[in-house]
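Student: Next up is a structure, given as structure tokens.
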Amino acid sequence: MSALADLLAGPVQEVAPRLLGAVVRHGPVAVRLTEVEAYDGADDPASHAFRGRTRRNQVMFGPAGHLYCYLSHGIHVCGNVSVGPEGRASGVLLRAGEVVDGIDVVRELRPGVADRDLARGPGRLGRALGLRLDLDGTDLTTGAVTVTPGEPPPETSCGPRTGVRHAADRAWRFWSTGDPTVSPYRRHAHANGL
DNA sequence: ACGAAGATGTCCT
DNA sequence: GGACATCTTCGTC
């Protein structure tokens with residue numbers, strides 16, 4: 001049992017906050033997570049897996065500890081960690097973090113962007129880490145992208161998830177309290193409550 | 001085969 | 001605060 005597998009054991013709502021402080025690495029770039037969201041498959045109307053298995057979301061139906069990548073608005077590649085046993089399509093969206101290695105590379109990639117904004121938001125985080133759709137399904141213990149448990153932040157907060165239309169009031173977003181790299185909350189224009 | 005929506009970011013007023 | 005870029009995925013016809 002790897003350290004990551006231990007960290008990912010249990011219900012996704014409990015796993016997600018434990019991922020705060022973990023380090024995601026792809027090549028020279030590493031990001032320490034400061035903000036994540038839990039998505040709970042068939043029990044969660046906001047999840048990509050709510051309506052069952054499709055080609056896009058199949059990774060979340062597989063074993064825990066794999067990377068689920070999806071394309072958002074034709075531009076942004078966002079990353080998730082699959083959670084839960086096979087058949088339960090839970091996942092944790094990597095929403096924001098602090099670049100802790102390879103910051104020169106990311107600065108060069110994003111001229112004029114403040115350091116704290118380099119991975120502030122799921123699209124920016126994906127871009128900073130060089131996530132691509134072909135990395136979908138990567139084993140996060142042995143693959144090109146890895147997640148390593150890290151020191152949890154001193155204080156964490158939770159609240160509703162950002163930008164989801166359905167189940168917009170579930171407090172399944174977790175972040176490092178007061179951290180400048182946490183993205184701003186935006187409620188969906190036509191949000192449905194629970 | 002077609003169309004609408006989207007777990008966003010950026011630029012505009 | 002609001003428009004819009006951009007293209008894949010999925011549901012429906």
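Student: In the range A:46-64, which residues are near DNA strand B (Cβ under 10 Å from one of its atoms) and assigned to a loop (DSSP other than H, G, I, E, B)?
Tutor: A:Ala46, A:Ser47, A:His48, A:Ala49, A:Phe50, A:Arg56, A:Asn57
Student: Can you name every residue in the range A:1-31 that is more than 14 Å from the chain's Cα centre (by Cα), under 9 Å from A:Val147 (Cβ atoms) and part of a loop (DSSP other than H, G, I, E, B)?
Tutor: None; the set is empty.
Student: If you check every pair at least six apart or on different chains, which have Cβ atoms under 6 Å apart with a residue in the range A:149-172 that is under 12 Å from A:Tyr185 (Cβ atoms) first and a residue that is of a type in the set (Lys, Arg) and surrounded by fewer than 16 Cβ atoms within 10 Å (Cβ to Cβ) second?
Tutor: That search, which allows pairs on different chains as well, returns A:Thr162/A:Arg186; A:Gly163/A:Arg186.
Student: Continuing with the same structure: Looking for whichever is away from DNA strand C (no atom under 16 Å from the Cβ), modelled with pLDDT of 95 or more and part of a helix (DSSP H, G or I) here; the options are A:Asp179, A:Asp104. Which one fits?
Tutor: A:Asp104
Student: Now for a different question. Tell me which residues, restricted to the range A:173-191, are without any contact (Cβ under 8 Å) to a residue 60 or more places away in the chain and either within 13 Å of DNA strand B (Cβ to nearest atom) or of a type in the set (D, E, K, R) (or both).
Tutor: Those that are without any contact (Cβ under 8 Å) to a residue 60 or more places away in the chain and either within 13 Å of DNA strand B (Cβ to nearest atom) or of a type in the set (D, E, K, R) (or both): A:Pro184, A:Tyr185, A:Arg186, A:Arg187, A:His188, A:Ala189, A:His190, A:Ala191.
Student: Let me ask something else. Can you tell me which residue within the range A:74-92, out of those that are within 16 Å of DNA strand C (Cβ to nearest atom) and surrounded by fewer than 24 Cβ atoms within 10 Å (Cβ to Cβ), is nearest to A:Phe50 (Cα to Cα)?
Tutor: A:Cys78
Student: Inside the range A:58-73, can you point out the residues that are among the hydrophobic types (A, V, I, L, M, F, W, C) and within 12 Å of DNA strand C (Cβ to nearest atom)?
Tutor: Across the range A:58-73, the qualifying residues are A:Val59, A:Met60, A:Phe61, A:Cys69, A:Leu71.
Student: I'm told A:Arg127 meets every condition in (1) closer than 21 Å to A:Gly41 by Cα; (2) in a helix (DSSP H, G or I) except one. Can you identify the failing condition by its number?
Tutor: (1)
Student: Please determine, by comparing only the residues of the range A:65-85 that are away from DNA strand B (no atom under 12 Å from the Cβ) and in contact with a helix residue (DSSP H, G or I) (Cβ under 7 Å, 6 or more places away or on another chain), which one is farthest from A:Val24 (Cα to Cα).
Tutor: That would be A:Gly84.
The values are calculated or read from the model by the stated rules, or taken from the named source; none is laboratory data. The shown structure was predicted, so the numbers you read here are calculated from the model rather than taken from an experiment. Virtual Cβ from ideal backbone geometry, glycine too; neighbours counted across all protein chains shown.
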